[in-house]
1. Would you give the gap between the C-alpha center of the stretch A:545-614 and the C-alpha center of the stretch A:422-446, rounded to a whole Å?
2. With θ set to phi - 60° and the Karplus curve 6.51 cos²θ - 1.76 cosθ + 1.60, what are the ³J(HN,Hα) couplings of the stretch B:144-150 in order, to the nearest whole Hz, using x for Gly and Pro?
3. Across the stretch A:91-103, in residue order, what do the Karplus-derived ³J(HN,Hα) couplings come to in whole Hz, using 6.51 cos²θ - 1.76 cosθ + 1.60 with θ = phi - 60° and x for Gly and Pro?
4. Mind giving me the nanometre distance, one decimal, between the label points for A:Glu185 and A:Glu398, set 7 Å out from Cα along Cα→Cβ?
5. Among A:Gly422, A:Ser391, A:Ile269, which residue has its Cα positioned farthest towards the positive end of the charge dipole of chain A, with +1 placed on the Cβ of Lys and Arg, -1 on the Cβ of Asp and Glu, and the dipole taken about the Cα centre?
6. Per DSSP helix of 4 or more residues, -39500 (n - 2.57); summed, then divided by the residues of chain A. What does that give at 222 nm, rounded to the nearest 500?
7. Among DSSP beta bridges whose residues both lie in the protein assembly as shown, state the antiparallel percentage, nearest 5.
8. To test your reading of the geometry: what angle, between 0 and 90 degrees and rounded to tens, separates the Cα axis of helix A:499-509 from the longest principal axis of chain A?
Amino acid sequence: MNWKLEVEKILPRVQKPARYAGGELNSVVKDPAGVSLRFAFCFPDLYEVGMSHLGMKILYAQANERPDTWCERVFAPDADMEALMRERGIPLFGLESRDPIREFDLIGFTLQYEMSFTTVLNMLDLAGLPVRSAQRGAAFPLVVAGGPCTCNPEPLADFVDIFVLGEGEEVNPELYDLIIAAKKEGISKGELLRRASLIQGLYVPSLYDVSYKEDGTIAAVTAREGAPARPAKRIIRDMDGVFYPQNFVVPFVEAVHDRAMVEVLRGCIRGCRFCQAGFIYRPFREKSPQVIDRDGRSLCETTGYDEISLSSLSTSDYSRLEELLDKMLPWSEKGSINLSLPSLRIDGFSPKLLEQIAKVRKSGLTFAPEAGTQRMRDVINKNITEEEILSTCRTAFEGGYCAVKLYFMIGLPTETEKDIEGIVDLAQKVVDLFYSLPDRPRGKGVAVTVSLASFVPKPFTPFQYEPQDTEEMLREKQHHMISYVASKSKKIRINYHESKTSHLEAVLARGDRRLCAVVEQAWKNGCRLDGWSEHFDHQRWVDAFAACHVDGGFYANRTRPYDEILPWDHLDYGVTKSFLTRENQKAHCDATTPNCRLQCSGCGANKLLGRACL
Amino acid sequence: MRPVRVFYTKKDTAKYISHLDINRCFQRAIRRAGVSIWYTEGFNPHAYITFALPLSLGYESECETMDMRLLDEMPLEEVKERLNRALPEGLRVYRVAEPVEKPDAILWADYRVVLAAKGAEPGQAAEKLREYLSRETLPVIKRTKRGEKEIDLRPYLQLLEFSAGEEETELLLRLAAGGEMNVNPTLVLDSFCGACGMELEYVKVARTAVWDKKGEKFA
Ligand code: SF4
């Protein structure tokens with residue numbers, strides 16, 4: 001069958017066919033006969049989402065720099081495309097070559113969120129491969145997964161051959177070399193996996209046995225065949241020397257984030273206790289302004305983008321932000337390039353900075369106080385005071401802003417009704433502040449949006465031991481908030497996201513290998529693209545849990561004792577369990593921990609660096 | 001400021017770039033090419049470019065045009081070369097010239113259509129199609145902004161060439177184009193399928209020429 005012709009026939013019949021057509025500017029096409037490794041880089045979500053993702057852009061460009069490797073992009077097809085592919089038997093293909101990816105040597109997924117797990121299985125199946133690792137007898141294609149969710153990859157342990165722990169720029173090339181050597185030698189899959197397990201940053205789940213106690217908790221995780229007892233994540237030590245792409249593939253269809261991006265720093269100094277990214281990406285490392293500026297210029301030239309963002313977990317913690325903006329503002333202004341600064345912290349604004357920012361951005365302001373009362377903010381270690389929030393809003397209002405979006409969480413550990421009311425009270429204070437200002441924007445009202453998310457306890461955070469509120473508890477809290485806000489101003493709008501996916505996220509994030517069966521069953525029930533409300537079907541998950549006799553509450557709503565063996569305890573992410581336990585105890589005493597710049601709290605991540613972090 | 005018209009072809013994977021996306025695609029190409037053109041002013045300035053006749057998603061074309069306003073004295077040959085270096089595969093500029101007519105002078109467009117019918121013998125399908133296209137009247141339902149209305153396609157459609165091959169049938173259609181009456185090949189084929197009870201396995205369409213009111217080639 002000529003797949004390429006078949007693809008041409010169905011493309012005119014699907015929505016936004018450019019998502020499957022390839023041929024975008026800067027996409028890389030090579031002669032398959034001239035390479036030793038063909039790599040399908042799979043993003044288990046739609047094109048528009050995947051094409052927004054910086055990590056994929058970095059690793060795609062880096063792999064293709066190698067003359068012996070051809071890396072192609074693969075995204076999850078939307079429902080209409082999938083139906084036609086299945087109807088005509090068209091296997092999942094690489095965008096660049098349109099060759100079936102089951103003929104590739106390496107299939108790599110990036111796991112950005114738990115709700116993409118069923119899509120991973122669906123993509124393997126669309127490729128024409130068995131979803132279970134044990135049923136793929138041949139060494140190739142080898143199925144690998146990386147990204148933040150691999151810090152607890154156990155719910156996917158039965159499907160993925162190798163997990164990449166930590167950052168990929170160093171370990172990926174080592175993996176490519178290993179595969180190329182293995183192909184030459186013709187070694188078995190078992191031997192390949194054994195060799196992979198010895199490389200730092202690679203975790204081969206099939207080389208670990210997990211046993212359980214009667215109460216359902218883990219008794220032991222035991223390494224076999226010489227695999228290390230605690231596989232460790234990899235990090236890049238020298239951020240200025242690390243590979244960064246000098247061009248991006250420029251999509252025809254608009255991506256969610258369709259712009260140039262430069263990476264400013266990795267890690268975070270803050271240590272907010274709910275935030276997984278704040279711990280798993282430690283330690284904190286910055287790039288120098290010259291390097292960021294050079295990368296940014298080059299990207300704008302090669303892509304033609306008119307927007308560039310400074311990307312990181314917390315760009316305002318960049319120690320040389322003013323210096324960087326001084327470098328970037330002249331050429332970006334001259335070229336009508338919009339400089340955007342996402343993830344700015346509320347306490348990171350200085351008057352000069354605000355002035356620089358106001359030059360480039362006029363849209364609404366967003367802040368993330370995360371909790372409504374000072375006590376609650378102390379518990380989660382979000383070191384912002386009400387005065388700081390209000391004084392920043394004041395500066396912003398005086399600078400012409402009149403819309404503010406505030407992000408909060410509900411269901412946080414130790415939360416009471418008072419903390420819920422505190423969210424509304426804080427929003428109300430922002431409203432009152434606006435009307436108290438003589439210099440407020442004329443003729444305009446203020447709009448304060450409160451965006452609420454349910455708290456999801458995550459591995460490698462101080463809250464990894466905490467129970468998540470049940471759906472009922474969350475619903476009650478939500479009702480309480482809505483009736484409380486009704487008694488206040490009409491200038492406050494509340495946006496609340498469904499708690500059903502939050503519960504599932506909590507189960508999957510802290511799940512163990514017994515969830516593999518549930519994920520597989522949910523996929524068989526028709527789940528995929530679960531992150532999209534139009535595709536998400538809660539009942540299919542409920543049925544899957546029932547069919548597998550697994551209680552989601554065991555994973556989501558149970559307090560885990562400090563000495564329980566957690567499913568991810570055998571993975572070394574730098575941050576130690578004793579530190580996380582200490583932080584959890586402090587949280588329950590409403591005690592805060594200073595940020596890394598003020599004082600090192602001995603989290604353990606500096607071990608990966610081999611020196612002090614800052 | 002010098003108004004120029006860029007003539008380009010749109011082929012292969014570029015045929016899947018929608019009309020909306022082609023605008024953004026050219027905006028970026030112009031930036032990469034370092035060709036300085038006039039920008040709209042105001043809140044969100046962007047390169048001022050306009051496209052003559054929207055092309056349906058999935059169609060190829062040998063005769064697309066985009067108008068822009070050059071700010072410097074760059075030779076038109078250089079504009080063409082720079083744009084070609086900056087454009088993605090499938091989009092190729094073949095000429096840059098001063099515009100002669102305004103886009104509202106467009107009256108006709110030619111389309112090469114290659115199709116295969118589902119189930120039917122190739123010869124049989126071709127015969128039906130030829131018969132259909134030669135009817136005295138061709139009533140169709142056309143959807144417009146103001147709702148649906150029935151029109152007779154006959155005055156707006158000419159069959160210029162027709163050939164039936166082994167599997168595919170190929171035809172060259174001249175269809176009314178422009179602001180007053182714009183007929184899309186898909187409308188013709190859909191009404192053929194409806195009238196003759198046919199279903200198409202696939203269709204490939206390419207616009208090959210655009211004509212103005214004086215009968216001269218617009219692109
Ligand atoms: S080792 Fe100290 S400075 Fe480094 S990340 Fe951990 S707490 Fe922060």
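Bear in mind these aren't lab numbers, they're just calculated from the coordinates by the rules spelled out. Computed from a predicted model, the values in this text were never measured in an experiment. With ideal geometry, Cβ positions are generated from the backbone for all residues, glycine too; neighbour counts draw on all protein chains shown.
1. Cα centroid of the stretch A:545-614 versus Cα centroid of the stretch A:422-446: 38 Å apart.
2. 3J(HN,Hα) across the stretch B:144-150, in whole Hz: 10, 4, 9, x, 9, 8, 8.
3. x, 4, 10, x, 4, 6, 9, 6, 7, x, 6, 5, 8
4. Simple spin-label model gives 6.8 nm for this pair.
5. Going by the Cα projections, it comes out as A:Ser391.
6. Theoretical 222 nm ellipticity from helices: -11000 deg cm²/dmol.
7. If I count the DSSP bridges inside the protein assembly as shown, around 60 percent turn out antiparallel.
8. 50 degrees
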